[in-house]
Amino acid sequence: MKTPRPIHPDFQFLLDFKEQNVIDLFKDLREYILELYPDNNELLYHTHALTAVFSVSDKLSDAFCMLPIYTNHLNLGFNKGTLLKDPDKLLTGTGNLIRHLDIKQPKDYRNPKVKALVKEAVAFAVKDMDKPSKSVGKTISKIKKK
């Protein structure tokens, strides 16, 4: 089995301020995304939420999903969720593009329906990408240190 990608220190520092159950869920869901698409690039942000964004390139515009962590919960967000097939009506939200799943426990994402949704999001992002990425399997921190 491949060694899991470590969490970037900038992100880990901020993650440690979250509740332990949210940290545990984030780590498991991140690992799940990395298992489903190991070549993704992980872009890290700290804006209104601490967020790990998973992209088929090094650009936010090529992202297929994200894990925003709020005060005491997290979501599995799909950057172009309104454009994905969602036959089971799993996705919620009212934005023009982004849709998400509320994550409270592993069974909320460790299931065949969500796995299919993630794989479709990856395929859509690859097809929608302007040009192939030179970055593969990297973690890129966009977190500004104070």
Checklist line | Breaking point among (1) surrounded by fewer than 17 Cβ atoms within 10 Å (Cβ to Cβ); (2) under 14 Å from Tyr109 (Cβ atoms); (3) without any contact (Cβ under 8 Å) to a residue 40 or more places away in the chain, for Leu34 | finding: (1)
Next item on the list: Identify the single condition in (1) under 12 Å from Pro68 (Cα atoms); (2) not in a helix (DSSP H, G or I) that Ile23 does not satisfy, given that it satisfies every other one.
Entry: (2)
Notebook entry, point to check: Got a sec? Which of Ala49, Ala63 is hydrophobic (A, V, I, L, M, F, W, C) and out of contact with any Phe, Trp or Tyr (no Cβ under 6 Å at 6 or more places or on another chain)?
Noted result: Ala63
Margin query: Pairs please, first residue from segment 66-85 and more than 13 Å from Val53 (Cβ to Cβ) and among the basic types (Lys, Arg), second anywhere and modelled with pLDDT of 95 or more and surrounded by 14 or more Cβ atoms within 10 Å (Cβ to Cβ), Cβ atoms under 7 Å, 6+ apart in sequence or on different chains.
Written below: Lys85/Glu120
Notebook entry, point to check: Do the conditions hold for Leu67, that is, is it out of contact with any Cys (no Cβ under 8 Å at 6 or more places or on another chain), at pLDDT 90 or above, under 25 Å from Pro6 (Cβ atoms) and in a strand (DSSP E or B)?
Noted result: yes
Check: Any residue in segment 122-134 that is among the aliphatic types (A, V, I, L, M), surrounded by 15 or more Cβ atoms within 10 Å (Cβ to Cβ), touching a Gly at 6+ places or on another chain (Cβ under 9 Å) and in a helix (DSSP H, G or I)?
Finding: no
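The values are calculated or read from the model by the stated rules, or taken from the named source; none is laboratory data. None of the values given here were measured: they were computed from a predicted structure. FYI the Cβ positions are ideal-geometry reconstructions off the backbone, even for glycines, and counts take in every protein chain you see.
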